[in-house]
Amino acid sequence: MRNTRSLTRLRPIALAVILGSWAQAQNDMGIETGGLDSNIVAGRATTSPAAVVSRWDRSDYHAIGFSSAAPGMHLDGLSTHFYDHENPGTESFQFVACQETGNTNQPDWSTMTLLSGPIAAPIGAPTRFFEARVTFASPYVSLRDLFVGHDAPAIPATESFGLWFRCVSGQFGYPTYDYGGPAWDPFRAHMYITSNYVNTTGIYPSGYFLCDPIVRGAGGMATAITNQLEMPSSANPPGIAGFHSGNYPDVDGRRSPGRLDDPGYRYADSSMAGQPVLFFISFHGFAANPLPLDSVFPGSSGSWCIHDGLFLAAVPADGAGVAFLNLALDPAARAAMGGSGLAAQMYAVGFDGARLSGAPCANVVY
């Protein structure tokens, strides 16, 4: 296994981190959006050493970290939120990634790559909740689905809990959870574990880590503003991102009575601070061969990753380069879309007058 770590930083969640400069800005995809405050819902600690990964499915997100030089999903770093219940500094984890086994949606553990050195919560820290951020010396490229996560040690015999990692659950019974709309399959697996590094020894349906890809160029996530009492932070614009309500909103309470989700998209590129961000929607799927934006405007990043695009609005990015748009649907549209299986592709691109910065395309199914 190769180690591509170039920089590892730990910080309390409330503090800011300034990463090293790159030819293009690096940005988080944004999976932590709208869920970080309240969904410390589960941990993934084990009684033996184990690797646990989340799957970023190509059917949900297209052209992650797009590069015109090579196909696949390009990953320049990872961030995650973790919690050391006892004795911070004693245990550590490492970031890992895997390729997909064929087109099976399953990780190929034989391809598992270590993407960082050991990371432990600092001793004597004022808080036990930390964000770990790592940038890589060279991109990690996934040719199919992207599997990213953690390789963690066994729980020490002298401890009861060990290291836990923040994740989102879609299952009832947790203090907080995010429940997707009628098109979402609550039994669709997004988390996989191996304790022997050969076979998948555990599958966790309807859950995923807040393990966020850091990509060259713009990041972007489908979001949904929801009124779920079980996930109160999702009520704040731009809503919650992720593989549940974000990609599968409940716009008319078809699955959860009383739900009136407002679907949307969140764009992030620090190099586009204050610049207009154009939001588009398509109903014809992802482009099989994304158009590199640098072929249109030299110096651009990202791609045009949808077949066509209906222009929705231009929204100025804030000082951090973040812009978002949510669709306030009328009752007729909610009734027509809810439970219809209609798939829409959300997309956004920033423009500073000289270059374009396109985010990944997100699939939203009603």
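Any read-out appearing in this document is the output of simple, stated calculations on the displayed coordinates, not a laboratory observation. This structure is a prediction, so every number in the text was calculated from the model and none was measured. Here Cβ is always computed from backbone atoms with ideal geometry, including for glycine, and neighbour counts include all displayed protein chains.
General observations
- Centre-to-centre, using Cα atoms only, region 80-155 and region 347-363 are separated by 29 Å.
- Taking 0.36 nm per residue of sequence separation and removing the Cα-Cα distance, the Asp185/Ala354 pair yields an extension gain of 56.6 nm.
- The slack in the chain from Ala154 to Ala336, taken as 0.36 nm per residue of separation less the alpha-carbon distance, amounts to 60.5 nm.
- Per-peptide packing, taken as the mean over residues of other Cβ atoms within 10 Å, places 249-262, 353-366, 150-163 in the sequence 353-366, 249-262, 150-163 from highest down.
- Computed from the C-beta positions of Ala235 and His284 and an R0 of 25 Å, the FRET efficiency is 0.20 to the nearest 0.05.
- Of the trypsin sites (Lys or Arg not before Pro) found in region 143-210, the ones in coil according to DSSP and having at most 16 other Cβ atoms within 10 Å of their Cβ are Arg188.
- If you plug the beta carbon distance of Phe297 and Ala273 into 1/(1 + (r/R0)^6) with R0 = 25 Å, you get a FRET efficiency near 0.85.
- Calculated FRET efficiency for the pair Ala313/Ala69, C-beta based, R₀ 35 Å, to 0.05: 0.65
- Taking 4.7 Å between C-beta atoms as the pairing limit, the chain has these partnerless cysteines: Cys98, Cys167, Cys211.
- Ellipticity at 222 nm from helices only: DSSP H runs of n ≥ 4 in the chain, each -39500 (n - 2.57), divided by the residue count, give -500 deg cm²/dmol.
- Counting 0.36 nm for each residue step from Val198 to Ile123 and taking away their Cα separation leaves a gain of 23.6 nm.
- Scattering profile of the chain at q = 0.09, 0.11, 0.12 Å⁻¹ [log10 I(q)/I(0), Debye over alpha-carbon scatterers]: -0.47, -0.71, -0.85
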